[in-house]
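The values are calculated or read from the model by the stated rules, or taken from the named source; none is laboratory data. The shown structure was predicted, so the numbers you read here are calculated from the model rather than taken from an experiment. Reconstructed Cβ throughout: ideal geometry from the backbone, glycine too, with neighbour counts over all protein chains shown.
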Amino acid sequence: MRSNHPFAAAFLRLALATAAIAAPVSETLAQPAPAPAPAARSAPPRRDNPATSIQDFVRLEGQSASPIRGVGLVNGLKGTGDSGGDLTLAFPLAEMYRNNGITIPDVKALSKSKSVALVNLWCEIPEEGGRKGDKFDVYVSVSHSASSLRGGMLLISPLLGPYRGDPVIAVASGPLEIEQTDVPTVARVRGGAQLIEDVRMRPPGNEFNLIVRPYFRSYSTTRMLASEINGITADLEAGPEASEPIATAMDDMTVRVVVPEHERANPANFIASVLTKRFSPTLLDLPAQVIVNERTGNIIITGDVEISAVTVGSDLLTVTTIVPPPTPTPQDPLVTRSNVTDFGSTASNADRARIQDLLQAFRQLQVPARQQIQILAQIHASGRLHARFIRE
């Protein structure tokens with residue numbers, strides 16, 4: 001006889017007998033290049049493994065994403081749109097017909113229509129800005145009683161700035177794509193918003209601030225970035241003033257950079273040199289992080305995340321037993337399933353274990369991703385997860 005026995009609180013024993021060995025942060029310098037002709041300056045030392053650049057960690061102050069928004073109509077729906085008897089839909093629908101040369105004498109004539117939905121529109125211009133003619137994705141969401149946008153087409157709609165009285169910046173239209181099948185009231189039009197005006201960011205002056213992106217903010221990060229930027233003047237073969245620091249760490253998220261005198265005639269060239277300066281990521285003493293997205297079920301972790309001893313219980317795990325147990329054969333072996341497992345780090349003995357070992361235990365027990373996220377959040381709340389816990 002086969003039976004399933006759900007446990008009210010089935011425990012996952014975390015035998016945290018070992019811990020990960022964190023690789024020491026070190027800086028390896030290559031040998032200086034041999035000096036060229038006597039009249040030329042010798043090349044500065046270069047760091048090995050220049051795998052990343054400054055622009056991956058910062059943005060220019062004054063440059064930020066610009067949201068634009070609007071209201072539009074989606075047609076082509078198969079009986080899942082708003083009721084035509086709702087005047088909130090009837091009036092803009094009649095206006096749309098009038099703008100296309102068709103006069104609706106009485107909006108009551110639209111009362112039986114359920115093929116159109118009134119929707120809210122949202123689009124984000126990236127922090128670099130945009131030029132007239134650029135296209136961006138636009139998001140569409142039901143505004144009233146429509147039950148689904150599946151199969152719909154967004155009619156040409158204006159998009160305005162985020163504040164009251166802002167002018168029209170873009171127009172949006174196109175076929176809708178439902179990204180989450182269980183949420184058919186939200187959709188996306190890929191490349192559906194086209195700018196009709198330039199969206200430009202404020203150009204920097206003789207000095208500018210670099211803002212470290214949230215996940216990387218720390219005093220060690222800004223100090224290291226300032227040090228890397230101060231080494232640029234040697235690369236650019238600057239004059240005597242090159243020895244003066246051009247970058248200063250102001251706090252844990254801001255690096256102030258002064259454009260050298262000889263670069264101010266062409267600041268764009270200097271800013272490009274700063275943002276594309278490459279360095280080894282091992283120089284960054286970044287905090288351990290666990291980044292989770294409950295909507296998609298994604299879990300992203302850094303390699304140095306550890307967990308102290310803890311016991312996790314769940315009422316969704318089950319144990320499968322067979323009574324009486326069958327006689328195993330090569331064709332039908334005896335399989336034992338349990339909701340309890342032990343795990344430990346594969347590194348040296350200590351009182352912590354790596355988070356990878358915990359996730360491996362989850363996989364053995366087939367714990368769903370969203371439940372894994374909930375368990376990680378509770379471990380973090382107990383103070384046993386030694387990392388930043390970020391929910392997106």
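For region 355-377, the set of residues classified as over 22 Å from the mean Cα position of the chain (by Cα) and under 21 Å from Ala309 (Cβ atoms) consists of Asp357, Leu358, Gln360, Ala361, Phe362, Arg363, Gln364, Leu365, Val367, listed by residue number.
Which of the residues belonging to region 161-209 are touching a residue at least 60 places away in the same chain (Cβ under 8 Å) and β-branched (Val, Ile, Thr)? Across region 161-209, the qualifying residues are Ile169, Ile196, Val199.
Evaluation of Arg59 against the conditions (1) surrounded by fewer than 17 Cβ atoms within 10 Å (Cβ to Cβ); (2) out of contact with any Leu (no Cβ under 7 Å at 6 or more places or on another chain) shows that the sole unmet condition is (1).
Can you tell which of Gly152, Gly133 is within 30 Å of Phe270 (Cβ to Cβ), outside the structural domain of Ala247 (by TED's automatic domain parsing) and either under 28 Å from the mean Cα position of the chain (by Cα) or among the small types (Gly, Ala, Ser) (or both)? Answer to the selection: Gly133. The helices (runs of 4 or more DSSP H) located wholly in region 184-284 that include 3 or more residues which are modelled with pLDDT of 85 or more occupy 219-230, 267-275.
Considering the conditions (1) surrounded by fewer than 18 Cβ atoms within 10 Å (Cβ to Cβ); (2) out of contact with any helix residue (DSSP H, G or I) (no Cβ under 7 Å at 6 or more places or on another chain), His144 is excluded by exactly one of them, (2). Quick one: in region 63-109, which of the residues that are farther than 21 Å from Val189 by Cα and of a type in the set (Lys, Arg) is modelled with the highest pLDDT? By that ranking, first place goes to Arg98.
Within region 55-92, track down each residue that is closer than 22 Å to Asn209 by Cβ, part of a strand (DSSP E or B) and touching a helix residue (DSSP H, G or I) at 6+ places or on another chain (Cβ under 8 Å). Correct list: Val58, Leu60.
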